[in-house]
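Everything below concerns the one structure shown next.
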Amino acid sequence: MTVAVYPGSFDPITKGHTAILKSGLVAFDKIIVAVLNNESKKPLFSVEERMDMIRAATDEMGVEDGKIEVDSFDGLLVNYARSRGARCILRGLRAVADFEYELQMANMNRHLNPEIETVFIMADDAYFYVASTLVKEVARLGGDVSDLVPAAVAPRLLAKFDR
Ligand code: PNS
C-alpha cells in the first residue's frame, strides 16, 4: 500500500487543498493529512478546529473510508512520516512563487532522510490563487469566500470574525 503524508498548517483547509487531496488519491492508496501543531505561529484556528474542518471537508468529498486519515504532528516532518510508515510527502504547487520555498523544504527533507521523497501535484487552475492567508484576510474584511473553502469552513470563518 502506498501511503503519503500531506502536511500543512491548514489554517483553514481550502478548496485548493481538497483538490490536491483528490488528485493525490489517484497516485496513493492512502493519504494522511497532517496538521502542523504550530501554536507559536499564532494560527487563527486551534489544531483541533483545523482537524475537525479537514474531517468535515473530506466527508464532503465522499472519499471511501480509510483512504484519508487526519492527524497532527510536531517536530520534524520526515520523522513523523517515518513513524507513520510513509515514504512520500505530498505537496501542492500553485504559482511560481511557491517553487523556491517548496524546493528548499524538499531538499532539506531529503537531506534529513533520503528515503523519503517529496511529490508535487500542480494545483487546479481554478484554485491557483487560493491560499489560507488570503482567504482569512478576505473573510476578515467581509468578502465572500464561500466558493473558495469547503462548506464546513465558511461558517467557522464568519464566526471567528463575528460576522
Ligand atoms: O502549509 P504550510 O504552512 O506551508 O506547511 C509547512 C509545513 C508544515 C510543511 C512545514 O512547516 C513543516 O514541514 N514543518 C515541520 C518542521 C520541519 O520538518 N522542518 C524542516 C523541514 S523544512
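The values are calculated or read from the model by the stated rules, or taken from the named source; none is laboratory data. Quantities reported herein were computed from a predicted structural model and do not represent experimental measurements. Because the Cβ atoms are built from the backbone with ideal geometry, glycine has one as well, and the counts that use them run over all protein chains shown. For accessibility, only protein heavy atoms count, side chains too; no ligands or nucleic acids. Shrake-Rupley method; radii C 1.70, N 1.55, O 1.52, S 1.80 Å.
Annotations for the structure displayed:
- Kirkwood-type radius of the chain, with distances r between different C-alpha atoms, in Å: 16.1 Å
- Restricting attention to the chain, the count of lysine pairs at 8 or more positions apart or across chains with alpha carbons under 16 Å apart stands at 8.
- Accessible-area composition of region 1-62, carbon plus sulfur, in percent [1.4 Å probe]: 50 percent
- Counting protein heavy atoms only, region 70-124 has 55 percent of its accessible area on carbon and sulfur, 1.4 angstrom probe.
- Rounded to the nearest 10 degrees, the inclination of helix 15-27 to the longest alpha-carbon principal axis of the chain is 30 degrees.
- Spin-label pair residue 27-residue 160: with each label point 7 Å from Cα along the Cα-Cβ axis, the two points sit 2.8 nm from one another.
- By accessible area with a 1.4 Å probe, ligands and nucleic acids excluded, highest first: order of 161, 45: 161, 45
- Per-residue ellipticity at 222 nm computed for the chain from its helices equals -13000 deg cm²/dmol, with DSSP H segments shorter than 4 residues left out and the rest contributing -39,500 (n - 2.57).
- Accessible area (Å², per residue) of region 36-132, counting only protein heavy atoms and a probe of 1.4 Å: 61 Å²
- Backbone N under 20 Å from the residue 107 label point (7 Å along Cα→Cβ), restricted to region 79-96: 89-96
- Annotation note: GluC sites (Glu not before Pro) in region 42-112 located in DSSP loop regions with a Cβ neighbour count of at most 10 within 10 Å are 64.
- If you take the alpha carbon atoms of region 1-87 and fit the smallest convex hull around them, that volume is 86 Å³ per residue.
- Between residue 93 and residue 3, the modelled label-to-label distance comes to 2.7 nm, taking each label 7 Å out from Cα in the direction of the beta carbon.
- Our estimate of slack between residue 117 and residue 76, defined as 0.36 nm per intervening residue step minus the Cα-Cα distance, is 13.3 nm.
- Taking the C-alpha atoms only, the angle from helix 96-112 to the longest principal axis of the chain is near 40 degrees.
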